[in-house]
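Asker: Sharing a structure below in structure tokens format, with a few things to ask.
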Amino acid sequence: RAVLRKASALEYKIQRRALRKEDFINYIQYEINLLELIKKRRARIGYSFKKDEIENSILHRVHSLFNRATGKWKEDVQLWLSHVAFCKQWNAKHQLSKVFSSMLAIHPNKPALWIMAAKWEMETQLSSESARHLFLRALRFHPECPKLYQEYFRMELMHAEKQRKEKKEFEQAKMDLGEFSYSEEILSGEMARIIYRDAAQKIKGVEFHLAVLSIAKLFDFTQDLQKEILESLQTKYADDPLTWDYMARRELELGSLQSTEHTTKQMKVSEMTQREERCCAVFEEAVRAVPTEDMWKCYITFCLERYNRKTNSEELKQKRLERTLSVFHKTHESSLLPEALYKQWVQLLLESNLFETATEVAEAATKRFSLSVEMWQMRLQVLIQLKSDAVTQCFEEAVKHVKSKGTLPLWSLWVEWSEGTNSKEGTEALYRRSLHATTPAESVTMKEKYLDWTYRNGGYKKVKRVFTSLCENRPFSLDFFRKMIQIEKEQESCKMLHLREYYERALREFGSTNSDLWLDYIKEELSHPQGKPENCGSIHWRAMKILQGDLVEDFVSKYTLLQTGHL
């Protein structure tokens, strides 16, 4: 009865004149949950009476609901995918085929859906012909889609591998195939070669060739195809850094052909060293042929990857470190080292305890990128970490070079360093200077930091004077006022008069855009020993007049909860 009552209520909702997608989703979810429950109970008690009649009727109803929903909201791809997932879960192959056909007719502009349908035909239905037909249809809609060509290429190679295995098993079983014969062209991956050649004419870029090559390498019968792709890559994109990067990294895979059964640890280290040296030789040739920032970046990235690999050999680790630092230095000398890699270089030097070199590199970085806040910040952090005497001088140099906009990280770092190093007077002078040196928007953060520092080091009376002086210069943040309110509430003799002053100041700045501030003010009047509950009415009236848009409704609902004691 409960099931009937619930199903009827859901059915009524989807029979309305104005249909809602959520009603269909809820109904479908309920029916799916019911199916799962029936399945579990049958498994638990071993009862299969009228199994087909019960389950099939629910399945049919779910499919009908999905069909109605996707018919009404055709553009909702997630709804279609939910139907696909349901069909897969309950092995409704015939229905799934219809769903894919309808979905692709409505959403032919989404390559991922074509790939999903073709993959299902190939892997579940075991129909390479249907999968091929889908890919060809998809390519008519998307003739220059790299992903479609890659998956079509993969599918043809999978089909060829499957046929090769079948032929091998038939030959081992010595079975007579009669008139049936396997096409040598398909077995050798000729179809995939045709797809690649067609795609190579339409799709430009190294990335596609490398993606296809990585797919071909997964199959052991594609040596000739791999060779063709590689030759095409070297011919068409000889000046592309990614081509050189691939050719260099390929040397790692071309290992020794000797047996690895009796190799010692030292022999393995020696072999790995030789492989890496061969890679670096290719990279060295690359940076001579293509002396660009991207090419050097590929070289450095490779060196860093090898250095970060775990090894028990200290000798190998040291060689990797020396090689990486050498490449960093060469790139820097060529003036092609990007900003981000200077950070990694300095970090590597600090980890290796090469502090003097790290300082020199950081200084060189700020000379090359004199307007970069990040480079100055990195240099200052190095000097602070090494407890150098030149920190103050470097800070002065940094703020002189960098424009006021974006200097907040520098000033934050400077005052943090000053708090632990300089006198209170020096730090306070620095805080006041930062308020004028930063942009108005960034000075907001410095005001908050200044207020917090003053309270920690100067006490309540000092922070109150600082707050009053800071209030003379806009802009402010809400946290600035909340911080002062919190400081006042922490005092033993917390005065409501002062709290009112802070709330009023905050409301002048944020009263039209923040309903919670009004509610906090009202709560304070109600809960503080010196508060005046009779003021709540006037505060409420002011809030209703000042708040904008939907914030009025939000305030009213929260105020109602406050009156009833639920907030």
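The values are calculated or read from the model by the stated rules, or taken from the named source; none is laboratory data. Worth saying up front: this structure is predicted, and the values here are computed from it rather than measured. Neighbour counts are summed over all protein chains in view; Cβ atoms, including those assigned to glycine, are modelled from backbone coordinates with ideal geometry. Protein only, heavy atoms only, side chains kept; ligands, DNA and RNA dropped before computing areas. Shrake-Rupley method; radii C 1.70, N 1.55, O 1.52, S 1.80 Å.
Asker: Could you check how many residues of the stretch 382-418 are open to solvent by 70 Å² or more (accessible area, probe 1.4 Å) and either outside any helix (DSSP H, G or I) or not polar (S, T, N, Q) (or both)?
Answerer: As a first pass, look at the stretch 382-418 and keep what is open to solvent by 70 Å² or more (accessible area, probe 1.4 Å): 385, 387, 389, 393, 396, 400-401, 403, 405, 416.
Now restrict to residues that are either outside any helix (DSSP H, G or I) or not polar (S, T, N, Q) (or both): 387, 389, 396, 400-401, 403, 405, 416.
Total satisfying the criteria: 8.
Asker: Condition check: touching a helix residue (DSSP H, G or I) at 6+ places or on another chain (Cβ under 9 Å), modelled with pLDDT under 90, in a loop (DSSP other than H, G, I, E, B) and open to solvent by less than 80 Å² (accessible area, probe 1.4 Å). Does Gly531 satisfy that? Talk me through it step by step, then tell me what you get.
Answerer: Numbers: touching a helix residue (DSSP H, G or I) at 6+ places or on another chain (Cβ under 9 Å): yes; modelled with pLDDT under 90: yes; in a loop (DSSP other than H, G, I, E, B): yes; open to solvent by less than 80 Å² (accessible area, probe 1.4 Å): yes.
Against the criterion (touching a helix residue (DSSP H, G or I) at 6+ places or on another chain (Cβ under 9 Å), modelled with pLDDT under 90, in a loop (DSSP other than H, G, I, E, B) and open to solvent by less than 80 Å² (accessible area, probe 1.4 Å)), Gly531 qualifies.
Asker: Looking only at the stretch 306-321, filter to residues that are assigned to a loop (DSSP other than H, G, I, E, B) and exposed (fewer than 13 other Cβ atoms within 10 Å of the Cβ); which one of those is modelled with the lowest pLDDT?
Answerer: In the first step, residues of the stretch 306-321 are kept if they are assigned to a loop (DSSP other than H, G, I, E, B); the result is 309-313.
This time we only want the ones that are exposed (fewer than 13 other Cβ atoms within 10 Å of the Cβ), so: 309-310, 312.
Numbers: Arg309: 92, Lys310: 90, Asn312: 87.
The selected residue is Asn312.
Asker: Another one. Restricting to the stretch 64-111, name every residue that is farther than 15 Å from Phe24 by Cα, aromatic (Phe, Trp, Tyr) and in contact (Cβ under 8 Å) with a residue 24 or more places away in the chain.
Answerer: Trp90
Asker: Can you tell me how many residues within the stretch 340-381 are open to solvent by 60 Å² or more (accessible area, probe 1.4 Å) and part of a helix (DSSP H, G or I)?
Answerer: Of the residues in that region, 13 qualify.
Asker: Now for a separate question. Take Ser127 and decide whether it is among the hydroxyl-bearing types (Ser, Thr, Tyr), under 30 Å from Met191 (Cβ atoms) and either surrounded by 12 or more Cβ atoms within 10 Å (Cβ to Cβ) or in contact with a Gly (Cβ under 6 Å, 6 or more places away or on another chain) (or both).
Answerer: Values: among the hydroxyl-bearing types (Ser, Thr, Tyr): yes; under 30 Å from Met191 (Cβ atoms): yes; either surrounded by 12 or more Cβ atoms within 10 Å (Cβ to Cβ) or in contact with a Gly (Cβ under 6 Å, 6 or more places away or on another chain) (or both): yes.
Yes; evaluated as a whole, the condition is true for this residue.
Asker: Related question: Within the stretch 433-443, can you find the residues that are touching a residue at least 12 places away in the same chain (Cβ under 8 Å) and assigned to a helix (DSSP H, G or I)?
Answerer: So the first thing to find is which residues in the stretch 433-443 are touching a residue at least 12 places away in the same chain (Cβ under 8 Å), and the list is 434-435, 437-443.
Of everything in the stretch 433-443, those that are touching a residue at least 12 places away in the same chain (Cβ under 8 Å) and assigned to a helix (DSSP H, G or I) turn out to be Ser434, Leu435, Ala437, Pro440, Ala441, Glu442, Ser443.
Asker: Checking Ile522 against (1) open to solvent by less than 40 Å² (accessible area, probe 1.4 Å); (2) closer than 24 Å to Thr468 by Cβ; (3) not hydroxyl-bearing (Ser, Thr, Tyr), only one condition comes out false. Which one?
Answerer: (2)
Asker: Gln548 passes all but one of (1) part of a loop (DSSP other than H, G, I, E, B); (2) more than 40 Å from the chain's Cα centre (by Cα); (3) loosely packed, with under 15 Cβ neighbours inside 10 Å; which number fails?
Answerer: Gln548 satisfies all of (1) part of a loop (DSSP other than H, G, I, E, B); (2) more than 40 Å from the chain's Cα centre (by Cα); (3) loosely packed, with under 15 Cβ neighbours inside 10 Å except (2).
Asker: Separate question: Tell me, which residue of the stretch 322-334 that is surrounded by fewer than 17 Cβ atoms within 10 Å (Cβ to Cβ) and not small (Gly, Ala, Ser) is farthest from Thr273 (Cα to Cα)? Talk me through it step by step, then tell me what you get.
Answerer: Looking only at the stretch 322-334, we keep the residues that are surrounded by fewer than 17 Cβ atoms within 10 Å (Cβ to Cβ), and these are 322, 326, 329-330, 333-334.
Retained after the next criterion (residues that are not small (Gly, Ala, Ser)): 322, 329-330, 333.
Working: Glu322: 13, His329: 21, Lys330: 21, Glu333: 26 Å.
If we take residues in the stretch 322-334 being surrounded by fewer than 17 Cβ atoms within 10 Å (Cβ to Cβ) and not small (Gly, Ala, Ser), then Glu333 is farthest from Thr273 (Cα to Cα).
Asker: Please verify whether the stretch 485-508 includes one or more residues that are open to solvent by less than 40 Å² (accessible area, probe 1.4 Å) and in a loop (DSSP other than H, G, I, E, B). Break it down into steps so the answer makes sense when it comes.
Answerer: Taking the stretch 485-508 and keeping what is open to solvent by less than 40 Å² (accessible area, probe 1.4 Å), we get 485, 487-488, 494, 496, 498-499, 502-503, 506-507.
Checking the rest, the ones that are also in a loop (DSSP other than H, G, I, E, B) come to 494.
Within the stretch 485-508 (the criterion being open to solvent by less than 40 Å² (accessible area, probe 1.4 Å) and in a loop (DSSP other than H, G, I, E, B)), the answer is yes, since at least one residue qualifies.
Asker: Next up: Would you confirm whether or not the stretch 34-56 contains a residue that is out of contact with any Asp or Glu (no Cβ under 6 Å at 6 or more places or on another chain) and under 25 Å from His107 (Cα atoms)?
Answerer: Step one: filter the stretch 34-56 for residues out of contact with any Asp or Glu (no Cβ under 6 Å at 6 or more places or on another chain), giving 34-56.
Narrowing the set further to residues that are under 25 Å from His107 (Cα atoms) leaves none.
Looking through the stretch 34-56, none of the residues is out of contact with any Asp or Glu (no Cβ under 6 Å at 6 or more places or on another chain) and under 25 Å from His107 (Cα atoms).
Asker: Where the second residue is of a type in the set (Phe, Trp, Tyr) and buried (at least 20 other Cβ atoms within 10 Å of the Cβ) and the first is assigned by the TED database to the domain that holds Glu504 and lies in the stretch 464-484, which pairs have Cβ atoms under 8 Å and are six or more apart or on separate chains?
Answerer: From residues that are assigned by the TED database to the domain that holds Glu504, the pairs are Phe481/Tyr502; Phe481/Tyr503; Met484/Phe467; Met484/Tyr502.
Asker: If you take the residues in the stretch 1-48 that are in a helix (DSSP H, G or I) and among the small types (Gly, Ala, Ser), which one is least open to solvent (accessible area, probe 1.4 Å)? I'd like the intermediate steps shown before the answer.
Answerer: Of all residues in the stretch 1-48, those in a helix (DSSP H, G or I) come to 2-13, 21-45.
Subset that is among the small types (Gly, Ala, Ser): 2, 7-9, 43.
On the way: Ala2: 64, Ala7: 20, Ser8: 41, Ala9: 49, Ala43: 84 Å².
In this case the residue turns out to be Ala7.
Asker: Can you name the residue in the stretch 190-202 that is among the hydrophobic types (A, V, I, L, M, F, W, C) and open to solvent by 10 Å² or more (accessible area, probe 1.4 Å) and, of all such residues, is nearest to Lys165 (Cα to Cα)?
Answerer: Within the stretch 190-202, the first condition is being among the hydrophobic types (A, V, I, L, M, F, W, C), and the residues that meet it are 191-192, 194-195, 199-200.
Of the ones still in play, those that are also open to solvent by 10 Å² or more (accessible area, probe 1.4 Å) are 191, 194-195.
Values: Met191: 17, Ile194: 22, Ile195: 22 Å.
Taking the candidates together, the pick is Met191.
Asker: Another question, then. If Glu472 satisfies every condition in (1) under 30 Å from Arg432 (Cβ atoms); (2) in a loop (DSSP other than H, G, I, E, B); (3) modelled with pLDDT of 90 or more but one, which is the exception?
Answerer: Among (1) under 30 Å from Arg432 (Cβ atoms); (2) in a loop (DSSP other than H, G, I, E, B); (3) modelled with pLDDT of 90 or more, the lone unmet condition for Glu472 is (3).
Asker: Out of everything in the stretch 289-305 that is more than 17 Å from Ala340 (Cβ to Cβ) and open to solvent by 20 Å² or more (accessible area, probe 1.4 Å), what residue ends up being farthest from the chain's Cα centre (by Cα)? Steps first, please.
Answerer: From the stretch 289-305, those more than 17 Å from Ala340 (Cβ to Cβ) are 289-291; that's our starting set.
Add one more test, that the residue is open to solvent by 20 Å² or more (accessible area, probe 1.4 Å), and what stays is 289, 291.
Numbers: Ala289: 35, Pro291: 31 Å.
Across the stretch 289-305, the extreme among qualifying residues is Ala289.
Asker: Then there is this: In the stretch 494-530, how many residues are more than 17 Å from Lys483 (Cα to Cα) and hydroxyl-bearing (Ser, Thr, Tyr)?
Answerer: 4
Asker: While we're here: Here are some residues: Ala69, Ala118, Ala92. Which one is touching a helix residue (DSSP H, G or I) at 6+ places or on another chain (Cβ under 6 Å), of a type in the set (Gly, Ala, Ser), over 22 Å from Phe141 (Cβ atoms) and open to solvent by less than 50 Å² (accessible area, probe 1.4 Å)?
Answerer: Values: Ala118 fails: over 22 Å from Phe141 (Cβ atoms); Ala92 fails: touching a helix residue (DSSP H, G or I) at 6+ places or on another chain (Cβ under 6 Å).
Residue meeting the stated conditions: Ala69.
Asker: Does Arg132 meet the test of being over 30 Å from the mean Cα position of the chain (by Cα), exposed (fewer than 12 other Cβ atoms within 10 Å of the Cβ) and closer than 30 Å to Ile106 by Cα?
Answerer: On the way: over 30 Å from the mean Cα position of the chain (by Cα): yes; exposed (fewer than 12 other Cβ atoms within 10 Å of the Cβ): no; closer than 30 Å to Ile106 by Cα: yes.
Against the criterion (over 30 Å from the mean Cα position of the chain (by Cα), exposed (fewer than 12 other Cβ atoms within 10 Å of the Cβ) and closer than 30 Å to Ile106 by Cα), Arg132 does not qualify.
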